[in-house]
1. Would you grab the residues whose amide H sits under 5 Å from the one on E219? Only those 5+ places off in sequence or on another chain, please, with H modelled 1.01 Å from N.
2. Send over the semi-axes of region 442-488's equivalent ellipsoid, whole angstrom and largest first, taken as the square roots of 5 times the C-alpha gyration tensor eigenvalues.
3. Return the sequence-ordered ³J(HN,Hα) values of region 124-140 in whole Hz as given by the Karplus equation 6.51 cos²θ - 1.76 cosθ + 1.60 applied to θ = phi - 60°, using x for Gly and Pro.
4. Rg/Rh for region 388-486: what does it come to with C-alpha atoms and Rh from Kirkwood?
5. Among I121, I356, I424, I218, what is the fewest-to-most ranking by other Cβ atoms within 10 Å?
6. Pop out the ³J(HN,Hα) list for region 435-446 in order, Karplus 6.51 cos²θ - 1.76 cosθ + 1.60 with θ = phi - 60°, rounded to Hz; leave Gly and Pro as x.
Amino acid sequence: MSYTFDWVSKDVVKKLQGKDLRPVTRLSDATKFRQFDILQKSPQSLFFKSEDTPVGYSLLKILEPNFPVPEPEVSAPIPLKHTVSQKLKANVDVKAIAEGGASAEFAQSCGYDIEVQSTSIPDSKLESLQNRKLLGQEPSFVTNCRLGKNRLYVVTEAFEVIKGTVLEGSSSIGLSAKALIPQFVKGQAQGQWQRDRTDSVPILKGAVLAYKKKQLVIENNTCAILLSGNAKKKTFPSIFNMVPRCGFAAQPMRIDLPPSDDLSIETEPYSTRRLGLWINDIPPIGSIEEPVHLDFKCLQNEVSLKTELLAMLSKDVQDVVFSSLLHMLSDREVLYDLMNMLELDQLGHMDGPGGIILHELRKDSSPPWIDLKDLILYLLQALMVLSDTQLNLLAQSMEMQLLLHQRELVKNILQPNFKYPWNIPFTLQPQLLAPLQGEGLAITYELLKECGLKMELNNPRSTWDLEAKMPLSALYGSLSFLQQLQKPKTSPKSGFSSGYI
C-alpha cells in the first residue's frame with residue numbers, strides 16, 4: 001500500500017472528478033504547476049504516455065509587458081480526507097523446526113487529511129491574453145521546442161494545498177511462535193518478533209496536487225491559447241512535420257514521431273487518435289478489429305525502427321548506456337531528472353550514471369541519421385510508465401539475463417490480445433515459460449502482474465485487461481531496448497532489416 005505524494009495526488013483527482021484534471025506526480029514539481037506556468041510534452045511513442053514537463057517559465061514572462069493580467073477565480077476550501085488500514089492474521093505450522101505452531105500478524109495504514117483550493121482562469125478571461133506579442137528575444141526553451149516540434153501548454157487551473165500537512169504511513173509485522181525442541185530440552189520454547197515502520201512525507205502550503213492545462217499556439221511572434229479541448233493544432237503550425245505511417249519501408253534517416261497529445265493513450269486508450277491520419281471510427285464493443293494503424297504490428301514497427309537504430313551504435317556506446325541505466329533503475333527521481341534534461345535539451349552537469357550518459361551525448365559521434373538523445377528519451381519515457389517495483393525487477397532481469405525470454409513472453413501476450421477492448425482469458429505458452437525457472441519465473445510474473453494482468457504463479461491461465469495495454473506496451477519497448485543494449489555486437493549494418501522484434 002502506498003503513502004506517497006503521487007498516491008495522494010491521484011486519489012485527489014478521483015475525488016474531485018474534474019474533467020481533464022491531471023495529478024502532479026512528484027513532490028519536487030509541486031510548485032511548478034501554478035497558473036500560467038508553461039508545460040512541455042514531447043511524446044516519443046504512440047502507445048505509452050509522456051508526462052508534462054515544466055519548462056520553468058510562466059506565460060506572463062514571455063509576453064510583452066504592460067498588458068492587463070486576468071484576475072484568477074478562487075474557490076472555497078475543499079476538505080479531503082482518506083484513511084486506509086488493513087490487518088492480516090494467520091496461523092502457520094512450523095514443522096521445519098519441530099512440532100509446534102506460529103502465528104503472524106501484519107498491519108498497515110496510511111491516509112491524509114488536507115484542504116485544497118482551486119485557483120482558475122476561466123475561458124472568458126483568457127480572451128484578454130489571445131494574440132499577445134512575445135518578447136523580442138525569445139527564451140531558449142521556445143527555440144528548442146520549435147526545433148523539436150514539441151507541444152507547449154499553459155496551466156489554467158491548479159488545486160493548491162491551503163495548509164501544510166504531513167502524509168504518514170505505518171506498517172507492522174509481528175511473529176509469535178511456540179515450538180518443541182527435543183534435541184535441546186524437554187519442554188517448549190516461546191518467542192516473539194516485531195518490526196514497526198513509520199514513514200512521513202511533508203506537503204507544504206502552496207503545493208499543487210492537480211491541474212488543468214490548455215495548449216499554446218505560437219505563430220508570427222504571437223501567442224494564442226486553444227480554449228476548446230477538442231481543437232487540435234501544433235504549437236508551431238508553420239513547421240512542417242513529417243508523419244510516418246505504420247508498415248513503411250524504413251530508410252537510414254532520422255525519423256521524428258508526431259508530437260501529438262492525443263497519441264499518448266493516457267486518458268482514453270480507445271479514443272480517437274492519429275497515426276499519419278485521423279481515425280474517426282471507434283470499434284464497437286464486440287468487434288475484434290482495432291483500426292489498422294493502431295494494431296500490434298504498428299507498435300512492433302515503432303519499436304523495431306528504434307532498436308534497429310540503436311543496433312547501429314558502437315558497442316562501447318551501447319555498453320555505457322546499459323551499465324548506466326542498470327545503476328539508475330532503483331531511483332525513479334534520477335531517471336526523471338535525466339528525462340527532463342533531455343526533453344528540455346539541457347546536456348549540462350549531472351552526478352552519477354546520469355552524468356555519464358550526458359557526457360556520451362555531448363561527444364555523440366553517431367551517424368547523422370541516428371539521434372542518440374531521442375533513442376534514450378524513448379527508453380526513459382517507456383521506463384517512467386512502469387512502477388517502482390517493475391524498475392527494480394527490470395534491474396534484476398538485466399543482471400540475470402532474462403530480458404530476451406521476458407520480451408518474447410510479453411510479445412506473445414500483446415500480439416493476439418492487443419485489439420480487444422474488453423477482458424478476455426488467455427493462456428501463456430509453456431515453451432515461453434520453460435526458460436524462466438525459479439526466481440526468474442517469479443520476477444517475470446511480478447513484472448506482468450504490475451501491468452494489471454490477473455496472474456497466478458505456476459498457473460498458465462490469465463486474463464487480458466484493457467488497463468494493462470499501455471504498461472505492457474511500455475514494458476515491451478523497455479525490454480526490447482535493454483535486450484538490444486545487452487546482447488553481443490554483431491556485424492555492422494548498413495541499413496534496416498525487414499524483420500520484427
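1. Close amide H contacts, sequence-distant or interchain: A224.
2. Here the semi-axes work out to 22, 14, 7 Å.
3. 4, 7, 5, 4, 5, 9, 5, 6, 7, 6, 7, 4, x, 9, 6, x, 4
4. Taking Rg over the Kirkwood Rh, I get 0.93.
5. Arranged by neighbour count, lowest to highest, I121, I356, I424, I218 become I424, I356, I218, I121.
6. Running phi through 6.51 cos²θ - 1.76 cosθ + 1.60 with θ = phi - 60° gives x, 9, 10, x, 4, x, 5, 5, 4, 5, 4, 5 Hz.
Rule-based calculations on the coordinates, nothing more; no lab input. These numbers come from a predicted model, not from an experiment. Virtual Cβ from ideal backbone geometry, glycine too; neighbours counted across all protein chains shown.
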